[in-house]
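Heads up: the structure comes next, in structure tokens.
The values are calculated or read from the model by the stated rules, or taken from the named source; none is laboratory data. For clarity, every value in this text was computed on a predicted model and none was experimentally measured. Ideal geometry is used to build each Cβ from the backbone, glycine not excepted, and the neighbour counts take in all protein chains shown.
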Ligand code: F3S
């Protein structure tokens, strides 16, 4: 990969160890993917924050970086961590875990990363300009950024997004290049999509059937930001998809795939375990202000039935903005947690046995890594079955 004189100096350690370490990571990735050079980025979204996921090795890596006085040089936001930073005791987190998670947060803070702790950075001020290059490392946010915001990012890992934030650059390959962003499959939808779960099932089904594609989803209707967020998360769950198209005209003749109700039902079956859920989780990806508002309206003057939990996940930014509605939800017996989610927090500590969610991503990962059973549920069923 071609390096400028300045970048050569960085690599030679002339700007200190932190910068040297960061550019070494970028050069290694650039060499693997045969990138031509490094390009400037406007922002970074950094994953690998939960102590539950990264453990002591991850903690050491981050502290080492921050102790070398590494500093980010572009807007840098953080993915969810492994607990609500205020209500961790309520979640069953012990003191040792808390302290280690806080050391991770402090390391990021020292490097200048905004402690947003959310997978929806675009709801809390990290909104890349259309056409800009970014280095984001949360798969759902990567799909959303490429497809809805029209920014350009590869699916980064936590360390590479952090390295990019420190250098302000990323290797120029993959989805940074316009020629690699063209659709290569035409997906026709022959069923009515109404709810967030429908959009999530569509994403999961496309990822299941054409896992390495850039689909053009033809005839997508009834969508809003929250439904596109649900679709983005699910596309990256069952497949390796980092981008889709849903607007504009297609010039080339593309291979076709038709998705009907039956295909969505197959996905629903695949993700549904037997048994009755005792915990409902909403907010994968993290809830928007509008979603909190909608949920609060739906449960106003109702009470969650005994022995059930309804946990809602969002960012601190949205939590504070929607505080009035958060109170309504809490009064109805729900819990609104921020900074973390059902997947990156050790949800076994909740004491519940079977989680249900309207997100295919949440169900897929809770079922595979947490030890809880998991299944899909429509919000309308949540309100009718779990409230009195
Ligand atoms: Fe976000 Fe957690 Fe889902 S990070 S996309 S809420 S698994």
Check your understanding: Within region 358-382, which residues are within 11 Å of the ligand (Cβ to nearest atom) and in a strand (DSSP E or B)?
Key -> none
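In region 302-315, what residues are more than 14 Å from the ligand (Cβ to nearest atom) and touching a residue at least 24 places away in the same chain (Cβ under 8 Å)? Break it down into steps so the answer makes sense when it comes.
First pass over region 302-315, keeping only residues more than 14 Å from the ligand (Cβ to nearest atom): 302-310.
302, 303, 304, 305, 307, 308, 309, 310, listed by residue number.
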Exercise for review: Determine whether region 265-286 contains at least one residue that is in contact (Cβ under 8 Å) with a residue 40 or more places away in the chain, under 14 Å from residue 383 (Cα atoms) and either loosely packed, with under 12 Cβ neighbours inside 10 Å or out of contact with any strand residue (DSSP E or B) (no Cβ under 7 Å at 6 or more places or on another chain) (or both).
Suggested key: no
**Study point:** Number of the condition not met by residue 350 [criteria: (1) within 14 Å of the ligand (Cβ to nearest atom); (2) within 22 Å of residue 97 (Cβ to Cβ); (3) buried (at least 21 other Cβ atoms within 10 Å of the Cβ); (4) over 15 Å from the mean Cα position of the chain (by Cα)]
**Key:** (1)
Exercise for review: Would you confirm whether any residue within region 317-328 is out of contact with any helix residue (DSSP H, G or I) (no Cβ under 8 Å at 6 or more places or on another chain), within 16 Å of the ligand (Cβ to nearest atom) and outside the structural domain of residue 121 (by TED's automatic domain parsing)?
Suggested key: no
Check your understanding: Across region 30-59, what is the total count of residues that are under 20 Å from residue 113 (Cβ atoms) and touching a helix residue (DSSP H, G or I) at 6+ places or on another chain (Cβ under 7 Å)?
Key -> 9
Revision key, fill the gap. When residue 355 is run through (1) within 18 Å of residue 196 (Cβ to Cβ); (2) within 11 Å of the ligand (Cβ to nearest atom); (3) buried (at least 22 other Cβ atoms within 10 Å of the Cβ), the failure sits at (2)
